[in-house]
Each structure stands twice: as structure tokens, then as C-alpha cells.
1. Select the helices (runs of 4 or more DSSP H) contained entirely in the range 34-120, then report the ones holding at least 2 residues which are closer than 25 Å to Ala145 by Cβ.
2. Have a look at Leu136, Leu184 and point out the one that is out of contact with any strand residue (DSSP E or B) (no Cβ under 7 Å at 6 or more places or on another chain), closer than 17 Å to Arg92 by Cβ and not small (Gly, Ala, Ser).
3. Which condition number in (1) open to solvent by 20 Å² or more (accessible area, probe 1.4 Å); (2) at pLDDT 90 or above; (3) out of contact with any His (no Cβ under 9 Å at 6 or more places or on another chain); (4) not aromatic (Phe, Trp, Tyr) is the one that Val45 fails?
4. Considering the range 140-194 alone, what residues qualify as being of a type in the set (Gly, Ala, Ser), open to solvent by less than 80 Å² (accessible area, probe 1.4 Å), over 23 Å from Gly123 (Cα atoms) and without any contact (Cβ under 8 Å) to a residue 60 or more places away in the chain?
5. Quick check on Arg92: is it within 13 Å of the chain's Cα centre (by Cα), open to solvent by less than 80 Å² (accessible area, probe 1.4 Å), under 21 Å from Arg192 (Cα atoms) and of a type in the set (D, E, K, R)?
6. For a quick check of your reading of the model, give me the residue pairs whose first member lies in the range 96-120 and is closer than 19 Å to Arg192 by Cβ, whose second is of a type in the set (Phe, Trp, Tyr), with beta-carbon atoms closer than 8 Å and at least 6 apart or on different chains.
7. Of the residues in the range 97-138, how many are β-branched (Val, Ile, Thr) and modelled with pLDDT under 90?
8. Kindly indicate whether Thr65 is farther than 18 Å from Phe50 by Cα and hydroxyl-bearing (Ser, Thr, Tyr).
Amino acid sequence: MMSSNLRHAAAASHVIFDPESLLLDPAPGIEHAMRWAMRDLGIEVPRRWFERNWSPQTPFWETLTQLMETSDPELVEFGRERYFAHFNECGRYRCTLRPGSLQLLADLAADPRIELHYLTHIGAEAALRLLDAYGLRHVPRCVVAPESPSCPGVRLSLLKQHVESGAYPRDSWTLLSDHPWELLAARRLRLRAVG
């Protein structure tokens, strides 16, 4: 359904997307990074803990407090720091492609009317590493990323800058996203958006 909606919206379209949020199931990468973070803290996570006690909808803070068996903000913050260190180093590259995602990308990449632009906040080097990890380096026409990793909030200014500095008319851009605030930003920028 997403593919047909996008095709309808896109005549000579430049599509901005982030494979990490749309195409990848983060569960394996999250589990890997969380297990290593807990190991750093001397906490052994039972083998099937994630399968029995966790889902991607579980709030991050709740996961940490359960695994660490504490709600002490300082300790949990330390656990969060360890988690993100491991996720940024290796967890991000241990996710799995969602069913149908490769076909969606293949269909979009094969359509001569569509150019794909990868937008991310994780930094240029990490973005290329991510594309390589999932065999997607050939898909986007360009990567829109800060030189160094930044906070997710930078994505909105990157989106605005990329659209406004391009040689393409504003009505040729389409944002493909699952982030409500990115969809709202697209509306403010008068861009088409497919959620």
C-alpha cells in the first residue's frame, strides 16, 4: 500500500527517507546493545528475557529499570549511556530488514521518475556504514547527514535545508517517514508526505 501511495504522489519525485526508522526492525540491535550495556554494569540478562518481557513498544526507561532492578535516576542514566554507546557502535548494524522493505526499495529505485535521498542525524560515516551493512549503498542518490552524529532534532533543519538548497521545485519532494514531527515539518514546508 505504501508503494502505490508513493507512486501516486510522485511524478518526477525526489523522495526523502530514512531506512533506519522505516525499513529496519530494530529489535535485534536493541537487544544486542542492551545485553552489552548490562554486561558493562555486571548484570547478566537471562537468555530469553527479551522474548518474554519486552517489545519495541516498551518504554526505554522501563526496560532499563526492569533490567537494572532500580529506578535510581543516576544509575539508570548510566545504563542509558552504556546502551547508546553499544547501539551506536554495533547495535544499529544488527537490525533486520522488515518484510517487504527490500521489494519496496527495489520498486522505488527502479522507477526512473523517483530519486531517493537518505536523511539521517547519525553522521555521514555511520550513514554509509548503515547502507553497507544492509546492502543498500546503491539505493539513495545522496545522503543528507551532518558530518558528525547529532541529536534527532537536527533532522528537521536538515530536511528544510536540503529541500530549499536543491535545484528541484518544492512540489517535486515527498517525505516518506513514520515520525509524526517529521510529517508535521513536511506540512509546514508544503511537502508531500507519506506516513
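1. Because the criterion is at least 2 residues that are closer than 25 Å to Ala145 by Cβ, the helices (runs of 4 or more DSSP H) in the range 34-120 that meet it are 73-89, 101-110.
2. Sole residue among the options that is out of contact with any strand residue (DSSP E or B) (no Cβ under 7 Å at 6 or more places or on another chain), closer than 17 Å to Arg92 by Cβ and not small (Gly, Ala, Ser): Leu136.
3. (1)
4. Once the filter is applied, which keeps residues that are of a type in the set (Gly, Ala, Ser), open to solvent by less than 80 Å² (accessible area, probe 1.4 Å), over 23 Å from Gly123 (Cα atoms) and without any contact (Cβ under 8 Å) to a residue 60 or more places away in the chain, the range 140-194 yields only Ala193.
5. Taking the combined requirement at face value, the residue does not satisfy it.
6. Sorted first by the residue in the range 96-120, then by its partner, the pairs are Leu116/Phe17; His117/Phe17; Tyr118/Phe17; Leu119/Phe17.
7. 0
8. no
The values are calculated or read from the model by the stated rules, or taken from the named source; none is laboratory data. Predicted model only: the values in this text are computed from it and were never measured. Every residue, glycine as well, gets a Cβ built from its backbone with ideal geometry; the counts of neighbours run over all protein chains shown. Quick note on the areas: whole protein, heavy atoms, side chains included, nothing else; ligands and nucleic acids left out. Shrake-Rupley method; radii C 1.70, N 1.55, O 1.52, S 1.80 Å.
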